[in-house]
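Taking it in order: structure first as structure tokens, then the write-up.
No value in this document is a laboratory result; all are computed from the given coordinates. Please read these numbers as outputs of a predicted model, since none were measured by experiment. Here Cβ is always computed from backbone atoms with ideal geometry, including for glycine, and neighbour counts include all displayed protein chains.
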Amino acid sequence: MTQPDTTTTPATPDDPGFRIERDGAVATLVLANGLANTIDPGLIDRLVTGLPTITEDPDVRCIVVRGVGRIFIGGADIRVMRQLDPDIYLAMRRWTVVQRILESAPKPVVAAMNGHALGGGAELALACDLRILHARATFGFPEARLGIFPGAGGSQRLPRLIGPHHAKRLIFDGTRLSADEALAHGLVDLVADDDFDAVVATEAARLAALPTATIGLVKRAVLEGLDLPLPQAIDEVEDRYVMANLELDDAAEGLQAFLDKREPRFTGR
């Protein structure tokens, strides 16, 4: 997915376990934390600090998250988890903070699962707006096979996505789904094989060209209204963001373009 004019900017002077690549309005977060691309407290802290540089940048209109090699994100570092230390587990649970940063980003976020997405990798993917899985990769929550469970968002997002019964079955059995099975379960939106990078680039460019500020409002409206009674969600949450949308340049552009019978030129503002 790298283009000739792509620039790479490390979040810190030393190796942070990830890098951020920019290609026009698309920013790609490339996670590369060791051979298995695992999650540890240090990586989490650096992501919490580094992610706002792209989530809050108005010139970034789509974020892509991907790994390297055959692994998207390999889950938690078992050597860290084996200590069964409550303080370490609390530090690891800050992976939910990383997820919330992406989930609440005021622009679309794509999980480009270039390889296996297991445990914490699957949890992160569920917090993204579009999920693309490589055809030769697997997706799942194998934690129960280790006597633990997906406790960094997975046990809550998964049942909200596919229903509690199916979610429990996948978690109980530690099922690793093939790409086609994950697609059938509604866990991913697209599966791509040798054309994976091209599909990711096309989808990211398509999303970046949309009225992304409006998309940001939609994301906030959905998140805030999800657990409210329907009348309250409509009268309070939806109403607030409908009014906020009126102030966007893209709302004026989209409506005027319709009247002018031309394609809109959205700026994400």
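Return the distance in nm (one decimal) between the two label points of a simple spin-label model at residue 247 and residue 230, each offset 7 Å from Cα along Cα→Cβ.
The two pseudo-label positions are separated by 3.0 nm.
Please work out how much length the chain gains when fully extended from residue 36 to residue 172, using 0.36 nm per residue of separation minus the C-alpha to C-alpha distance, in nm with one decimal.
Values: separation 136, 0.36 × 136 = 48.96 nm, distance 2.41 nm.
Length difference between fully extended and current span is 46.6 nm.
Go ahead and run the numbers for FRET between residue 161 and residue 15, Cβ-Cβ distance against an R0 of 41 Å, rounding to 0.05.
The value I calculate is 0.75.
Applying 1/(1 + (r/R0)^6) with R0 = 22 Å to the Cβ-Cβ distance of residue 79 and residue 135, what FRET efficiency is obtained, to the nearest 0.05?
0.10
Quickly rank 97-104, 232-239, 149-156 as a protection proxy: mean count of other C-beta atoms within 10 Å, highest first.
Details: 97-104: 18.5, 232-239: 13.9, 149-156: 20.2.
Highest to lowest by the protection proxy: 149-156, 97-104, 232-239.
Can you sort 243, 81 so the residue with the fewest Cβ neighbours within 10 Å comes first?
Listed from fewest to most nearby Cβ atoms, that is 243, 81.
Have a look at the DSSP beta bridges in the chain and tell me what percent are antiparallel, nearest 5. Kindly include the intermediate steps, with their values, before the conclusion.
Values: 13 of 34 bridges.
The antiparallel fraction comes to roughly 40 percent.
What does the helix-only formula give at 222 nm for the chain: each DSSP H stretch with n ≥ 4 adding -39500 (n - 2.57), the total divided by the residues, and the result rounded to the nearest 500 deg cm²/dmol?
Details: 13 runs with 112 residues, N = 269.
Taken over the chain, the calculation gives -11500 deg cm²/dmol.
Which of the trypsin sites (Lys or Arg not before Pro) across segment 51-96 are loop residues per DSSP, with 11 or fewer other Cβ within 10 Å?
On the way: sites: 61, 66, 70, 79, 82, 93, 94; in loops: 61, 70, 82, 93, 94.
Those satisfying the criteria are 82.
At a 10 Å Cβ-Cβ cut-off, how would you order 128, 62, fewest neighbours first?
With the fewest neighbours first, 128, 62 line up as 128, 62.
Any lysines with Cα under 28 Å of the residue 219 Cα? List them, leaving off those in the same chain fewer than 8 positions away.
107, 168
If you take the beta carbon distance between residue 49 and residue 238 as r and set R0 to 22 Å, what does 1/(1 + (r/R0)^6) give as a FRET efficiency, to the nearest 0.05?
Taking R0 as 22 Å, the efficiency between residue 49 and residue 238 is 0.10.
Taking other Cβ within 10 Å of each residue's Cβ, how do 38, 55 sort, fewest first? Please list the in-between numbers first.
On the way: 38 23, 55 19.
Arranged by neighbour count, lowest to highest, 38, 55 become 55, 38.
At what distance in nm do the modelled label points of residue 89 and residue 190 sit from each other, each positioned 7 Å from its Cα along Cα→Cβ?
Rounded to a tenth, the inter-label distance reads 3.9 nm.
Given 0.36 nm per residue, what is the gain on full extension from residue 144 to residue 222 after removing their alpha carbon distance, in nm?
Values: separation 78, 0.36 × 78 = 28.08 nm, distance 3.06 nm.
Stretched fully, the residue 144-residue 222 segment lengthens by 25.0 nm.
If the chain between residue 104 and residue 209 were fully stretched, how many nm would it gain, using 0.36 nm times the residue separation less the Cα-Cα distance?
Stretched out fully, the residue 104 to residue 209 stretch lengthens by 35.9 nm.
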